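Q: Before we start, here is the structure in question, set down as structure tokens.
The values are calculated or read from the model by the stated rules, or taken from the named source; none is laboratory data. On a predicted model such as this, the values are computed, not experimentally measured, just so you know. Cβ atoms come from the backbone with ideal geometry, glycine included; neighbour counts cover every protein chain shown. In case anyone asks, the SASA skips ligands and DNA or RNA and just uses the protein heavy atoms, side chains included. Shrake-Rupley method; radii C 1.70, N 1.55, O 1.52, S 1.80 Å.
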Amino acid sequence: MAQMQSASFGPGNQGLQVGQNYGSINTEFHLPPERPQTPPTPFAIFSRDPDFVNRGGILDQIGQRCSEPAGRVALVGLGGVGKSQLAIEYAHRIAAGQPDTWVFWVHAGTKVRVEEGFRMIADAVKLPGRNQPKANIPQLVYGWLSNERNGRWIMILDSADDRDVFYGPTSGDTYNGRPFATYIPQSRNGSVIITTRNKDLAFRLTGRHQNMIEVGPMEQADAITLLEKKLGSLPDTDVAADLVQALDLVPLAISQAAAYIQARAPRSSPEKYLAEFREGERKRSRLLEHDAGDLRRDGGASNAILTTWQISFDHIRFKRRSAADLLSLMSFFDRQGIPEWILNPSRISKGAIQAGGRKRGFRRWDSATGGDTDDSTDDDVDSGFEDDVAMLRDYCLIVADEAGDEFEMHGLVQLSTRRWLEAFGQQETFKQRCIERIAASFPTGEYENWATCRRLFAHVQVALEYRPSEDIAVKWAILLYNGGWYAWSQGRYNVAQQMLDKARKVLEKRLREDNMATLACISMLALVLLDRGLWEEAEKLFIG
């Protein structure tokens, strides 16, 4: 029989001493639990931006919503408008002013990045059980965040653009198939800040439209301040104002331009950059593809504005091809005042007539068949079109007017879309489709059509610079004839002459010189020349 004696090892310590033993002995060691460290300052985010420009009251709005129990707020806007920079600045201010508050930064672009973020939180607070092979890290983090005794915390979900990351089922058995959104607690001691390009996801994660802050381009004064911080003194404020306007007041584009100018100084300057930018679309694209890098951006993010936006286009093209096609079509119109009915195949003739145009000169056009659209399919087409528009608006790529029947987009978004199409070899396809849409909708220049002509004329001027394909050259010429007619009626003789002259050359080449359309175009051009006082040129047309 084993003989045992108890033994003490100092105050608070006890043990057993075994004399003889003929059985097994099981020993357990109870180590003291890991204690969470004090809140970091701040945890896993980027260095503070010395060139940060405070934009109105956005930081105050974030603070107000985060001060509420279980507060949630989403910064929504295009890539490059400064959402992450605002969140970084707010995190640093919280870390400086509230050192007892935990600040957690989670890159939320993919499920893998979210998993990494939750693992980093678990390591930061030293959660027991986190290193077990089948540990449910999100559940452990959820439990810790939900416990008010662990103190105040703020979680920033950066670049949360993909709905499936948060609401798609998680893979494997570890997380029990629960979506990640269910692991973000609504506890009184914590707040969540989301940066996203996706309005629909922002609403789902915050629960209220009032918790969404739309971040757009900068005010001009703020944009000039940003340029000045990047470059130092600006000798010519007028050039600086023109430059930031040319860059659509987008912070990333301004920072990118400043980096380009600095890298080439003294052979470059804001004035020289602006002159190059205005040389043409290809030169603009080359300038805006310059990527100088930025330590305050996620390692997977580009510092080139065109590349940044093309990420959104790729996502939309993958999720909903028809929405990407709609954006592609819109990129070849004038960027403002694009009527809904000229984009929707089922409404072209209806919309044109309702807008004040006579039926003559209009026909229904369908992108798939090239023929008339069956009324029985109109509802389906309308529904699909509305879903496409909703997706583009959710990603802040287009904006609707107050009535909701006209759209516009940033000039740089148009440029980026065209470059993206060029990479896919689709640029000409959508350019020709745009010409066809405008040609199918623009009426003659008669007085009763002026209301419609006025709405569409900017788009005709854009189409004037496009080179039509062989099969739609005559349609393009007829469009320019109608556009020249309207311009002449408005006393815009230079524009009218330019349109009618191009139309005449195409019609003379494609049709017989005695064709009625050709003769009408020549006569209209002669009238324009007379009104400009160019009698000899007009006489040659009348005689010839």
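Q: Take region 444-457 and flag every residue that is open to solvent by less than 60 Å² (accessible area, probe 1.4 Å) and either on the phi > 0 side of the Ramachandran plot or under 27 Å from the mean Cα position of the chain (by Cα) (or both).
A: 456
Q: Additional query: Return the residues of region 224-283 that are part of a loop (DSSP other than H, G, I, E, B), more than 25 Å from residue 418 (Cα to Cα) and not charged (D, E, K, R); say none if nothing qualifies.
A: Within region 224-283, 232, 233, 234, 235, 265, 266, 268, 269 meet the criteria.
Q: Same structure again: Filter region 49-94 for residues that are of a type in the set (A, V, I, L, M) and part of a strand (DSSP E or B); which is farthest from residue 220 (Cα to Cα)?
A: Restricting to residues being of a type in the set (A, V, I, L, M) and part of a strand (DSSP E or B), the top hit is 73.
Q: Among the aromatic types (Phe, Trp, Tyr), modelled with pLDDT of 90 or more, out of contact with any Pro (no Cβ under 8 Å at 6 or more places or on another chain) and surrounded by 21 or more Cβ atoms within 10 Å (Cβ to Cβ), is that true of residue 104? Full working, then the answer.
A: Values: among the aromatic types (Phe, Trp, Tyr): yes; modelled with pLDDT of 90 or more: yes; out of contact with any Pro (no Cβ under 8 Å at 6 or more places or on another chain): yes; surrounded by 21 or more Cβ atoms within 10 Å (Cβ to Cβ): yes.
Yes.
Q: With the requirement that a residue be free of Cβ contacts under 8 Å to residues at least 60 places away in the same chain, closer than 29 Å to residue 231 by Cα and loosely packed, with under 15 Cβ neighbours inside 10 Å, what does region 55-85 give you?
A: 57, 60
Q: Hey, another quick one. Which residue pairs have Cβ atoms closer than 7 Å, lie 6 or more positions apart in sequence or on different chains, and pair a first residue in region 315-341 that is free of Cβ contacts under 8 Å to residues at least 40 places away in the same chain and open to solvent by 10 Å² or more (accessible area, probe 1.4 Å) with a second residue that is of a type outside the set (S, T, N, Q) and part of a helix (DSSP H, G or I)?
A: Short answer, once both residue conditions are applied: 317/324.
Q: Which members of region 111-126 meet the condition of being open to solvent by 10 Å² or more (accessible area, probe 1.4 Å) and in a loop (DSSP other than H, G, I, E, B)?
A: 126
Q: OK, next. Any idea which of 210, 139, 132 is open to solvent by 10 Å² or more (accessible area, probe 1.4 Å) and touching a residue at least 24 places away in the same chain (Cβ under 8 Å)?
A: On inspection, the qualifying residue turns out to be 139.
Q: Only one of 253, 263 is among the small types (Gly, Ala, Ser) and either at pLDDT 95 or above or crowded, with 21+ Cβ neighbours inside 10 Å (or both); which?
A: On the way: 263 fails: either at pLDDT 95 or above or crowded, with 21+ Cβ neighbours inside 10 Å (or both).
Result of the check over 253, 263: 253.
Q: For the subset of region 493-544 comprising residues that are assigned to a helix (DSSP H, G or I), of a type in the set (Asp, Glu) and open to solvent by 70 Å² or more (accessible area, probe 1.4 Å), which member is nearest to residue 457 (Cα to Cα)?
A: Once the filter is applied, the top-ranked residue is 531.
Q: Please enumerate the residues belonging to region 409-443 that are outside any helix (DSSP H, G or I) and either acidic (Asp, Glu) or crowded, with 17+ Cβ neighbours inside 10 Å (or both).
A: 409, 410, 442, 443 - these are the residues of region 409-443 that are outside any helix (DSSP H, G or I) and either acidic (Asp, Glu) or crowded, with 17+ Cβ neighbours inside 10 Å (or both).
Q: Additional query: Kindly indicate whether residue 485 is more than 21 Å from residue 340 (Cβ to Cβ), open to solvent by 40 Å² or more (accessible area, probe 1.4 Å), in contact (Cβ under 8 Å) with a residue 12 or more places away in the chain and touching a Ser or Thr at 6+ places or on another chain (Cβ under 8 Å).
A: It is true that residue 485 is more than 21 Å from residue 340 (Cβ to Cβ), open to solvent by 40 Å² or more (accessible area, probe 1.4 Å), in contact (Cβ under 8 Å) with a residue 12 or more places away in the chain and touching a Ser or Thr at 6+ places or on another chain (Cβ under 8 Å).
Q: Hey, any hits in region 408-416 for a residue that's out of contact with any strand residue (DSSP E or B) (no Cβ under 6 Å at 6 or more places or on another chain), among the acidic types (Asp, Glu) and at negative phi? Give the steps one after another, and end with the answer.
A: First, pick out the residues of region 408-416 that are out of contact with any strand residue (DSSP E or B) (no Cβ under 6 Å at 6 or more places or on another chain): 409-416.
Filter once more, so that each one left must be among the acidic types (Asp, Glu): none.
For region 408-416, residues out of contact with any strand residue (DSSP E or B) (no Cβ under 6 Å at 6 or more places or on another chain), among the acidic types (Asp, Glu) and at negative phi: absent.
Q: Same structure again: Is it the case that residue 99 is exposed (fewer than 15 other Cβ atoms within 10 Å of the Cβ), touching a residue at least 12 places away in the same chain (Cβ under 8 Å) and either in contact with a Pro (Cβ under 8 Å, 6 or more places away or on another chain) or part of a helix (DSSP H, G or I) (or both)?
A: So residue 99 passes the test.
Q: Out of the residues in region 464-473 meeting the condition of being free of Cβ contacts under 8 Å to residues at least 60 places away in the same chain and open to solvent by less than 50 Å² (accessible area, probe 1.4 Å), tell me which one is nearest to residue 335 (Cα to Cα).
A: 464
Q: Just name the residue that is nearest to residue 262 (Cα to Cα) out of those in region 220-244 that are of a type outside the set (Ser, Thr, Tyr) and surrounded by fewer than 14 Cβ atoms within 10 Å (Cβ to Cβ). Show your work before the answer.
A: Of the residues in region 220-244, the ones of a type outside the set (Ser, Thr, Tyr) are 220-224, 226-232, 234-236, 238-244.
With surrounded by fewer than 14 Cβ atoms within 10 Å (Cβ to Cβ) added as a condition, the list becomes 220-221, 232, 235-236, 238.
On the way: 220: 21, 221: 21, 232: 10, 235: 15, 236: 16, 238: 19 Å.
In this case the residue turns out to be 232.
Q: Assess whether residue 322 counts as being hydroxyl-bearing (Ser, Thr, Tyr), at pLDDT 80 or above and in contact with a Leu (Cβ under 9 Å, 6 or more places away or on another chain). Let's see the steps before the verdict.
A: Working: hydroxyl-bearing (Ser, Thr, Tyr): yes; at pLDDT 80 or above: yes; in contact with a Leu (Cβ under 9 Å, 6 or more places away or on another chain): no.
It is false that residue 322 is hydroxyl-bearing (Ser, Thr, Tyr), at pLDDT 80 or above and in contact with a Leu (Cβ under 9 Å, 6 or more places away or on another chain).
Q: Continuing with the same structure: For residue 205, indicate whether it is surrounded by 14 or more Cβ atoms within 10 Å (Cβ to Cβ) and out of contact with any strand residue (DSSP E or B) (no Cβ under 9 Å at 6 or more places or on another chain).
A: no
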